[in-house]
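Notes for the one structure printed next.
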Amino acid sequence: MRKMLFLFAFVLTAITSNAQEIKWMPFNEALAAQKKNAKPIFVDVYTDWCGPCKMLDKNTFSDPKFVEFINKNYYAVKFNAEGNEEITFQGKKFTNPSFDRNRKGRNATHELTMFLQVPGYPTMIVIDKNGKVANTIVGYRTADELLLNINTTK
């Protein structure tokens with residue numbers, strides 16, 4: 001019985017460790033990578049309190065075909081719309097001057113969120129190879145739905 005449990009745990013670990021994940025990177029790193037090797041950028045604009053954002057992570061962003069497609073064709077960015085990351089995009093520096101580290105739940109909106117005209121969460125944005133916003137997708141989508149929306153904007 002003990003050997004069976006060990007074997008089960010070993011197989012389960014092997015299966016979960018081989019699961020593919022999207023290779024998320026910070027926004028500034030994706031922009032720098034894009035200058036060296038021109039690929040579009042897929043941006044997941046989320047907040048910590050957003051339920052549909054968490055559903056995207058759990059369902060859509062873990063779907064093997066979606067993961068493979070994004071990793072192959074895009075630089076992937078998870079951008080917290082209420083975070084405090086300093087980002088330089090299109091020659092402008094964006095911050096969140098009203099960010100409050102001690103605040104629980106909703107926080108101040110990042111300047112880049114407003115610049116990108118994000119209407120709600122979740123929002124996925126495709127930035128083309130030239131650094132211009134090519135597509136904005138608002139709301140929860142399944143992997144198949146999202147693949148249809150972004151496959152045409154590469």
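The values are calculated or read from the model by the stated rules, or taken from the named source; none is laboratory data. Source: prediction; values computed, not measured. Please note: Cβ atoms are built from the backbone with ideal geometry, for glycine as well, and neighbour counts cover all protein chains shown. Heavy atoms of the whole protein, side chains included, go into the accessibility calculation; ligands, DNA and RNA do not. Shrake-Rupley method; radii C 1.70, N 1.55, O 1.52, S 1.80 Å.
I'd like the Karplus ³J(HN,Hα) series for segment 119-128: coefficients 6.51, -1.76, 1.60, θ = phi - 60°, whole numbers in Hz, and an x wherever there's a Gly or Pro.
3J(HN,Hα) across segment 119-128, in whole Hz: x, x, 10, x, 10, 10, 10, 9, 9, 5.
Ignoring ligands, DNA and RNA, please state the percent of accessible area on the chain from carbon and sulfur, probe 1.4 Å.
The C+S portion of the solvent-accessible surface of the chain is 54 percent.
For segment 17-154, give me the percentage of DSSP beta bridges that are antiparallel, rounded to the nearest 5 percent.
Antiparallel: roughly 60 percent of the beta bridges in segment 17-154.
If the reach is capped at under 15 angstrom between alpha carbons, list the aspartates and glutamates near K36, excluding any in the same chain fewer than eight residues apart.
By straight Cα distance, K36 reaches D128.
Around A76, which amide H atoms from residues at least 5 apart in sequence, or from another chain, sit under 5 Å from its own amide H, with H modelled in the peptide plane?
Long-range HN contacts for A76: M25, F42.
Just list whichever of K72/K92; K93/K129; K78/K129; K72/K104; K104/K132; K35/K58 have alpha carbons separated by over 25 Å in the model shown.
Listed pairs above 25 Å: K72/K92; K72/K104; K104/K132; K35/K58.
Points 7 angstrom from Cα along the Cβ direction at N135 and K72: gap in nanometres?
Distance between label points: 1.5 nm.
List the relative contact order of the chain as a percent without decimals, with contacts defined as Cα pairs under 8 Å and 6+ residues apart.
27
For segment 42-137, what does the alpha-carbon gyration tensor say about shape, rounded, prolate or oblate, given a ≥ b ≥ c as the root eigenvalues, a/c under 1.5 as rounded, and a/b over b/c as prolate?
oblate
About the Cα centre, and with charges only on the beta carbon of Lys, Arg (+1) and Asp, Glu (-1), how big is the dipole of the chain? Nearest 20 debye, please.
Roughly 300 debye, rounded to the nearest 20.
Rounding to the nearest 10 and keeping the result within 0 to 90°, find how far the Cα-based axis of helix 2-17 lies from the longest principal axis of the chain.
30
In terms of modelled amide H atoms, which long-range or inter-chain residues lie less than 5 Å from the amide H of T88?
Under 5 Å from the amide H of T88 lie the amide H atoms of F94, each far enough along the sequence or on another chain.
Per residue of segment 24-29, what does 6.51 cos²θ - 1.76 cosθ + 1.60 with θ = phi - 60° give for ³J(HN,Hα)? Whole Hz please, x for Gly and Pro, Karplus curve as stated.
5, 9, x, 3, 4, 5
In the Gaussian network model of the chain, springs joining C-alpha atoms below 10 Å, which of F61, F42, F115 carries the largest mean-square fluctuation?
Fluctuation is largest for F115.
If R0 is 25 Å, what FRET efficiency do you get for E145 and T109 from their C-beta distance, rounded to 0.05?
0.40
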